[in-house]
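Quick notes on the structure that follows.
None of the figures in this text is laboratory data; all of them are computed from the coordinates on show. Just so it is clear, the structure is predicted and the values come from calculations on it, not from any experiment. Note that each Cβ is placed from the backbone with ideal geometry, even for glycine, and that neighbours are counted across all protein chains shown.
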Amino acid sequence: SHFWAVVPAAGIGSRMQTETPKQYLNLAGKTVLSRSLGKLLAVPFIERIMVALSPNDAVWPSLPEASESRISTVAGGSERADSVLAALKALDSYAAPDDWVLVHDAARPCVQSAAISRMLITLADHPVGGIMATPIADTVKQVDAEQGIAATLDRSRLWAAQTPQLFRYGLLVAALEKALDAGVTVTDEASAVEWAGHTPKLFSGSRTNLKITVPEDLHLAELILAAEGE
Ligand code: CTP
Ligand code: MG
């Protein structure tokens, strides 16, 4: 079966508090989006990458990746899941239902290409797919409306979900469409797939695969890339 990729990059990055959306901020001499795409382009199994961009995006044409033959773009939607679904549908003429599709956030530029390859190989025979994740290091508290601690969760069974997330193409499209139709909150692909009754696998990743979310994350990402010689 074939491997395809989807990169949601249509967000406004409100928590970054910058004028420029975070996918276009400078990270060690390239945009965050260019760095994330570079990690996927370095995985030879991936035949085509569909990038979801904001309809108002004016920056993309100036990126070197805009002229890359393995990359296509499509207009994203108002929520992340809408952007992912738009990109999945734009792959319809390429992808067969049993093909694999890897969804990776533009905002995770520190993922390692070697880790992506290992994940693809590890999950290759799985009927559903799986996600990159790390065990939670902190003790997690559930709070009430007044920020009083209502419960302490069992940390030994808690993992933090990252992207990339890898699923069978037909199964993921059906699960996302069904979940969005039902009005379920879908913050990652796995949540829609779980909601549809499947059991995705966890693939143990690295904490250095952080998501650029708040301003300090950009400094951490610079340190991580520098430590990896980039
Ligand atoms: N994303 C998208 N379409 C949207 C919203 C988000 O493609 N309508 C993308 C973002 O560009 C990002 C990824 O989904 O690469 C993860 O989302 P998040 O970290 O929440 O990014 P933003 O929504 O841009 O940031 P914020 O929530 O702080 O506004
Ligand atoms: Mg968001």
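Orientation-averaged projection of region 84-230 equals 11.0 nm² [convex hull of Cα atoms, one quarter of hull surface area]. Comparing 92, 57, 181 in a Gaussian network model of the chain where C-alpha atoms under 10 Å apart are linked, the largest mean-square fluctuation is found at 181.
For region 17-93, applying the loop criterion from DSSP together with a ceiling of 12 other beta carbons within 10 Å to the GluC sites (Glu not before Pro) yields 19.
For 24, 169, what's the fewest-to-most ordering of other Cβ within 10 Å of each Cβ?
Fewest to most other Cβ atoms nearby, the residues stand as 24, 169.
Listing 14, 204, 83 from fewest to most neighbouring C-beta atoms within 10 Å gives 14, 204, 83.
Note on the chain: GNM, Cα springs under 10 Å; of 108, 207, 118, the largest mean-square fluctuation is that of 118.
Cβ crowding within 10 Å, taken as a proxy for footprinting-reagent exposure, orders 84, 140 from fewest neighbours to most as 140, 84.
Checked against a 25 Å cut-off, the cross-linked pairs 39/141; 22/141; 141/178; 39/211; 141/211 give Cα-Cα distances beyond that limit for 39/141; 22/141; 141/178.
Determine, at each q value in 0.16, 0.24 (inverse angstroms), the log₁₀ of I(q)/I(0) that the Debye formula gives when each Cα of region 10-118 is one equal point scatterer. Values returned for q = 0.16, 0.24 Å⁻¹ are -0.73, -1.64. Note on the chain: GNM, Cα springs under 10 Å; of 64, 135, 97, the largest mean-square fluctuation is that of 64.
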